[in-house]
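To keep things clear, I will list the structure first and then write my remarks on it.
Please treat every number below as a calculation from the coordinates, not as lab data. As the structure is a computational prediction, the values presented were derived from the model and not from experiment. Positions of Cβ are backbone-derived with ideal geometry, glycine not excepted, and every protein chain shown enters the neighbour counts.
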Amino acid sequence: MLEKLARQTAVYGISTIVGRFLSYLLTPYYTRVFGQDTYGIITDVYSLIPFALVLLTMGMESSYFRFSARADAAGGDAVAAKRRLFATTWGITSLAAVLFFMLVAFDCRPIAAVMGEAYVAHPEYVLLVGAIVMFDVMGCIPFSRLREQGRAARFVALKLFNVVLNVALAFGFGIAGLYGSEFGVGWVLVANLAASVATWAAILFTVGGVLPRIDFRLLSQILTYSLPLLVSGSAAMASEFIDRQMIKYLTPVDAMAQVGVYGAITKIAVVMTLFTQMYRLAAEPFFLANYKKEQFVEMNAAALKYFMLVSVGIFLGISLFRDVFALIVGADFREGIYILPIVLVTNVLAGVWLNLSFWYKREEKTRFAVYVTFAGLGCTVLVGLVLIPLLGYYGAAWMRLASEAVMVVVSYVLNRRYFPTPYDLPRIGEYVAVGGGVFAAGELFARAVPDSLAQFGVNVVLFAAFALYAVRRERIDVKGLVRAVLRR
């Protein structure tokens, strides 16, 4: 069964990595077109959008997967049950999205005043962000339906369409010289909005004639499952976006410039982000299907081990060569490259927490998600209030790491008490120790030998040695895995 998960992860990954890569081409472009302050607006806005998406989707993605599995297990007319489920979840999220946009449109100027001086001068930025959120939320459940149905090709094609159109418009506006106009960075939001609208219109052709229609009896059952996920998801996303907000409001000097540098460096961790994202796309419907408890426990334990193995490899691949990856962003932003290893470890822990969340979603004990995420949010606020005024974005990086670590610890303690899973901690610890040793060796050599070419050569050898160790330690049939993915 884990081979199926690996294939699905690879299918989503190989297919979506192209789209995400195109999207991340905007980072080197924007960090060369805009200064630190202006790019800080982009970083600020795109940290708020995911938070709004979590609030307005209300945990309905996970609910859709779980209740779809219920419909299959219940027998009877599963097709009709799933259509009713889809119509209800799509209807409630679309309604929430429209109401949100109406609220933003009505209170555009007061919201801009809260967000800062740059937005007061351009309240239309706030209106554009509200519209982007509305269309993205309205497309969320149809995309989840494609995942539940295993229609990865259609899912990826539509995501690629969104990204390609966004990137093309962004570069087109730059070539036309629009970023130098008074509206400036607003054209970035216009490009995004155009792509979101077009993608929403395109995905309507996949819904099979189903219209958004709320079955309130079904909705009450879904909300019982999803509301804890909404609360926990909001807290978790708050922990992720609040770092930019705390830099903006707590840093005494050059706040928006620091937000810009911090946002640019976190974008360099693209490979780790991509891996976690493609794993989530495959693992969420996979683990929330109707497996027997024994199967679930065995697969979840093994999945965490392999996730950690790959994550440590990605960490080394980026951190050992971070001077090369620093070239992704403009020269003005490279001063913050030293926080990259911290950001990478934070992303690894986020993936560990994702793995540790599947058991309580499967058991429909989603209240545990609230305990975990509020522990992380509390840590974020406490550590951030101390470190960010003193260290700026460097303190924000450590704050995020501390938050993810707390959530992992709380998740693991809850797992041991309520749903003991035999995670292979000795083997996971071995991977972490070996990866840490390889990273330390690279750092020590870099300090001893300042020649960059020699450092690059040694790092290549170190990374290759870890890859060989991983393949032999787990006896991975690399050729067989590649063949399976290509056949898929």
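Counting neighbouring Cβ atoms within 10 Å and putting the fewest first, the residues 43, 38, 27 line up as 38, 27, 43. Under 5 Å between amide hydrogens, built in the peptide plane, is the criterion, and for residue 329 it picks out nothing among residues at least 5 positions away or on other chains. Going from the residue with the fewest nearby Cβ atoms within 10 Å to the one with the most, 256, 399 rank 256, 399. Modelled spin labels at residue 418 and residue 430, positioned 7 Å past Cα toward Cβ, are 3.2 nm from each other. Each helix, a run of at least 4 DSSP H residues, gives -39500 (n - 2.57); summed and divided by the residues of the chain, these come to -28500 deg cm²/dmol at 222 nm.
Along Cα→Cβ, 7 Å out, is where each label goes; now give me the distance between the ones at residue 452 and residue 467 in nm to one decimal. For the pair residue 452/residue 467, the computed spacing is 2.3 nm. Here the spin labels are modelled as points 7 Å beyond Cα on the Cα-Cβ line, and at residue 213 and residue 164 they lie 3.5 nm apart.
Apply the a/c threshold of 1.5 to the C-alpha gyration tensor of region 318-406 and tell me whether it is rounded, prolate or oblate. Oblate, because a/c is 1.5 or more while a/b does not exceed b/c. Cβ crowding within 10 Å, taken as a proxy for footprinting-reagent exposure, orders 373, 366 from fewest neighbours to most as 366, 373.
Give me the count of lysine pairs in the chain whose alpha carbons sit under 23 angstrom apart, restricted to pairs 8 or more positions apart or on different chains. Final tally of qualifying lysine pairs is 19. The Cα center of region 403-437 and the Cα center of region 195-218 differ in position by 39 Å.
Under the criterion of Cα pairs below 8 Å and six or more residues apart, the relative contact order for region 2-423 equals 25 percent. The convex hull of the Cα atoms of region 2-423, projected and averaged over all directions, covers 19.3 nm². Can you bin region 251-400 into rounded, prolate or oblate? Criterion: square roots of the alpha carbon gyration tensor eigenvalues sorted a ≥ b ≥ c, rounded for a/c under 1.5, prolate for a/b above b/c, oblate for the rest. Oblate is the answer for region 251-400, as a/c is 1.5 or above yet b/c matches or exceeds a/b. Going by the alpha-carbon gyration tensor, a ≥ b ≥ c the square roots of its eigenvalues, is region 110-267 rounded (a/c under 1.5) or, if a/c is not under 1.5, prolate (a/b greater than b/c) versus oblate? The shape class here is oblate.
Remark: region 96-105, residue by residue, has Karplus-estimated 3J(HN,Hα) of 4, 5, 5, 4, 4, 5, 4, 5, 4, 5 Hz, where x stands for each Gly or Pro and the curve is 6.51 cos²θ - 1.76 cosθ + 1.60 at θ = phi - 60°.
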